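Below is one structure, written out as structure tokens, with a few remarks after it.
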Amino acid sequence: MLVLTRGVAAQQLSGKVTDSIHQPLAGVVVSLFRDTALVTYQITDNQGNYSFMQMTTGTRYRLALMHTGYGRIDTSLLFTKDITLSHILSRKIVELKAVAVNSDKPMIEKRADRLVFNVSQSITASRGDAMDVLAVAPLVRVEQDQIAIVGKGGVDVLINDRRVHLSGAELADYLKSIPSTSIERVEIITSPPARYSAAGNAGLLNIVLKKPMKDAWNAGIRSTSTLTTYLTENLGLTFNMQRKKLGLSASLNGNYGSMKFTEEPLINYTDETWSTSSIRRSYAKSLNARVLGDYQVNSKFVLGFQVYASTNAPESNDITNTFISAHGRPDSLLNGGGTTSSQTSSGSVNINGTYKLGKNNDRIQVDIDYFGNNRDNYRGYISNASVPAIQHDLGEVWNSLNTTQNQFGNYSLNIDVAQHAGKTALSYGANAMSSRNINSLQALGIKDKTNTVIDDNDKFSFTEQTLALFADADRELGRFEIKAGLRGEYTFSKGESASLGQVRNNQYFNLFPTFYTTYFFAKEQQFSFSYNRRIERPGYNSLNPFQRYISQNYYSVGNPYLLPWYSNNLELGYNKGNLVVQAFLNSATNGIAQTAIPIPATKMVVDTAQNFYDAINAGISGSWFIKPVSWWECRNDVSGYYVGINQYRPDLVANSNSLTWYIRTDNTFKLNSQVYWNLSFFYYSPEVMGIFYRSSRYSLGTGWRYRPSSSWEISLFASDILRTAQSTLKANVNGVAEYYKNYYDNRNLRLVLYYKLGNAKINTKQRGLANDTEKQRAN
């Protein structure tokens, strides 16, 4: 019953209730109090609306909002005129016996600049480690330990909104050391906002770990045995602690083993055919350690640090046979073998501070980073011709040796401010970065044991400084959420070759705009649009003009005149529940391609990088999670996209285009509370990949996971069971047809043992580094 007292006039109080992603909430109990007495209450409709009539002006009321699974809102107001309010209810976490159980939340959520995959809502994603989680995240593809966005290419990985500086196999090993039970969500950021570096084209994957609980510790050990042709062992140890104001986290990971690689290139010259078979055994030997800490100085200021160190010593031995035929008749045979080894040591230090400015998560963050890397490489190769050959004498012996000493250092300062101006969320800041890379190289080539053909050495140094300013703003306008930003980067670089006498200076300034808009037209249903501009800078080693011989007839050489390439990206998305559909258009200019160029006159192959092409990439991708029954979860992907490449040198490499489609299904069956079975399959149609046409490929995989207790987990996975995931490549370069049939030990059997102890509470204030993009360019 509505109880009124007399006042100056009777007015209206109305409002709208939404959740944290601005979806209307129906069924919210809205209670109106005067003093401690309940006046009346309402329940919000399907649009989250409520309305109280005949409000008494000049009276103070108390408004309380309650909804199952959400935090309570309790506020007071002095009523003087018609008022329209908006409320956001946040989901609450219920703690049962030290286990954090999230209230029912959707598996997939759409935010202005990212797609959120809530791992706890997926039985498929909770089956193993971080790599397993990424493998089932919407729009993400994990293949042969390479992570990419479907139809777009490779991405950078972040942990708690900070980049991980590892790449390739090292990144995969690190992610495999993170149990899926430690992951809260994965954010798929296909169009990164202005606060992130403008480098990279496909986007970012941000792995958000579970929030810490006070007075908690835990430790874990994870062993992964992977059997391909040979056996590889990975062992990871983790420790996390949160005690009063201090949080510490440490990890130690080691990897040891080997794999077999088979490469079979075929090169058709006009007068000769070179058919090669190369078998390589590559040994992995790596160890890395990370220690993180943060200290709550007071209620507003947190001081943190991170120290990282790693050592990596891969080796490989290869045997190569090349059959040469002239005009269809056997001509000669080149027998060869080589040894490659590398010794790398890396270290980084990060000091960071976060100061809270007030409510709404307003804060200032400052990061100071240093990263250093030292790498020594060795490549020795010997070959001889076993029969007479055109242009090759009988018994000709070739010996070559390449050595490289590389030193890299990077310093970075990043300042990031987040605050609100009314209903507008602002983010702005600055970044300064300085890098220096020094390469000392030697190449030696000896023919017939006494004739020195090559004896060169060089010292190549490259320095680069980048200054950046950025700002963006985010605001809700009715059913719309709009976010716009701008990043400006000024870069100066200098490359200098001592022996060649070449000095290359380059400086440029670029603006990188971003824009997003999302329309929420129903619960868990949105349309979205985004635009951004990105840059991709060449890797440091690609700029070195020194020639490095891989074999007698193959050498690689860098290009100091490489320029960055740029891309413009448009996306149109639709989300409804666990269905995600995204259309995209990417236009890239000045694209860099690493190309092996055969020289018909000398039969030499030169591997180099150039700004070769412009490209258009357009398509549509969809991911759909369904649960036909409570014990069966199915993730399905369907994508189709067009790639068109316009070459700057069509006489060297012809223009190309292709229409590609991709399907994937990943099914997890919960047989009981302890046993899960997984079955997955994917298929790729033929596609254009750089200068190559790539044949179709498909793969079938399965796996079992057994969890006998909350402390133990045992998993067994079989990948590429039919040995069909590897494709063949073909290209026509400089008028010469090239074919590549390679196999990289994709089929494997993986056994994972994981044991944890402690009180099951996890401190995950892990912080990445502001200069991680530069580290990846150094690798």
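The values are calculated or read from the model by the stated rules, or taken from the named source; none is laboratory data. Everything quoted here is computed from the prediction, not taken from an experiment. When we count neighbours, we look across all protein chains shown, and the Cβ atoms used for this are built from the backbone with ideal geometry, even at glycine. SASA here: full protein model, heavy atoms, side chains in, ligands and nucleic acids out. Shrake-Rupley method; radii C 1.70, N 1.55, O 1.52, S 1.80 Å.
Taking amide H positions as modeled 1.01 Å from N, with prolines and chain starts lacking one, the residues under 5 Å from Gly203 and 5 or more places away or on another chain are Asp156. Each of Ile368, Thr595, Gly200 was scored by the projection of its Cα onto the charge dipole of the chain, and the greatest displacement toward the positive side belongs to Ile368; charges sit on the C-beta of Lys, Arg, Asp and Glu.
All C-alpha to C-alpha distances of the range 151-236, sorted into 10 Å bins beginning at zero, yield P(r) values of 14, 39, 31, 15, 1 percent in whole numbers. A simple count of charges around Thr517, restricted to other residues whose Cβ falls under 10 Å of its Cβ and scoring Lys, Arg +1 and Asp, Glu -1, yields 0. Length available on full extension from Arg91 to Ala583: 0.36 nm per residue minus the Cα-Cα distance, which gives 174.0 nm. From a point 7 Å beyond the Cα of Ala522 in the direction of its Cβ, which residues of the range 444-481 have a backbone N at a distance under 18 Å? In the range 444-481, the label zone of Ala522 (backbone N under 18 Å from the point 7 Å along Cα→Cβ) covers 479-480. Computed over neighbours whose Cβ is under 10 Å from that of Pro192, the net charge equals +2, Lys and Arg +1, Asp and Glu -1. The phi torsions of the range 337-354, fed into the Karplus equation with coefficients 6.51, -1.76 and 1.60 and a -60° offset, translate into couplings of x, x, 10, 10, 9, 8, 10, 10, 10, 9, x, 9, 9, 10, 10, 9, x, 10 Hz, rounded to whole numbers, with Gly and Pro shown as x. In the range 210-309, the DSSP beta bridges split such that about 100 percent are antiparallel, to the nearest 5. When the Cα convex hull of the chain is projected onto planes of every orientation, the mean area is 35.1 nm². Counting 0.36 nm for each residue step from Ile279 to Thr424 and taking away their Cα separation leaves a gain of 46.2 nm. Projected label points at Gln594 and Leu78, each 7 Å from Cα along the beta carbon direction, are separated by 6.9 nanometres.
The residues packed around Val140, meaning those with a beta-carbon under 12 Å from its beta-carbon, carry a net charge of -1 if Lys and Arg are +1 and Asp and Glu are -1.
Taking 7 Å steps out from each Cα toward its Cβ at Ser51 and Ser341 produces label points 8.2 nm apart. Phi angles of the range 549-557 translate, via the Karplus equation with coefficients 6.51, -1.76, 1.60 and θ = phi - 60°, into HN-Hα couplings of 8, 8, 8, 4, 10, 8, 9, 10, 8 Hz per residue; Gly and Pro are given as x.
Each of Asn352, Gly254, Ala326 was scored by the projection of its Cα onto the charge dipole of the range 237-380, and the greatest displacement toward the positive side belongs to Asn352; charges sit on the C-beta of Lys, Arg, Asp and Glu. For Glu396, the residues whose amide H sits under 5 Å from its own are Ala385, ignoring neighbours fewer than 5 places away on the same chain, with H placed 1.01 Å from N. What does a probe at Asp145 reach in the range 174-215, counting residues whose amide N is under 16 Å from the point 7 Å along Cα→Cβ? The answer is 174-178, whose backbone nitrogens lie closer than 16 Å to the label point. Shown are His67, His420, whose ranking by accessible area with a 1.4 Å probe and every protein chain present, most to least, is His420, His67. Taken about its Cα centre, the chain carries a charge dipole of about 2940 debye when Lys and Arg each add +1 at the Cβ and Asp and Glu each add -1 at the Cβ. Taking each DSSP H run with n ≥ 4 as -39500 (n - 2.57) and averaging over every residue of the chain yields -1000 deg cm²/dmol at 222 nm.
Taking every DSSP beta bridge that has both ends in the chain, the antiparallel portion is near 95%.
Surface calculation, 1.4 Å probe, protein heavy atoms: Tyr698 sits at approximately 90 Å² accessible. Of all stretches in the chain that contain no trypsin sites (Lys or Arg not before Pro) in a DSSP loop with at most 16 other Cβ atoms within 10 Å, the longest one is 480-722.
The charge dipole of the range 464-503, taken about its Cα centre with unit charges on the Cβ of Lys, Arg, Asp and Glu (plus for the first two, minus for the last two), comes to roughly 100 debye. For the range 735-751, 3J(HN,Hα) computed residue by residue from phi via the Karplus equation (6.51, -1.76, 1.60; θ = phi - 60°) reads x, 10, 7, 10, 9, 9, 10, 10, 9, 10, 6, 6, 6, 8, 10, 10, 10 Hz, glycine and proline entered as x.
Spread over its residues, the convex hull of the C-alpha atoms of the range 570-709 is 163 Å³ per residue. The range 551-615 and the range 332-380 have their alpha-carbon centroids 23 Å apart.
Measuring r between the beta carbons of Leu266 and Lys300 and using R0 = 56 Å, the FRET efficiency lands at 0.25. Put +1 on the Cβ of every Lys and Arg and -1 on every Asp and Glu Cβ in the range 502-583; which of Tyr566, Tyr540, Val503 then has its Cα farthest towards the positive end of the dipole? Farthest towards the positive end: Val503.
Summarising the label geometry, the points placed 7 Å from Cα in the beta-carbon direction at Thr665 and Val629 lie 1.6 nm from one another. Pairs exceeding 29 Å between alpha-carbon atoms, taken from Lys244/Lys670; Lys152/Lys494; Lys260/Lys449; Lys210/Lys356: Lys244/Lys670; Lys152/Lys494; Lys260/Lys449.
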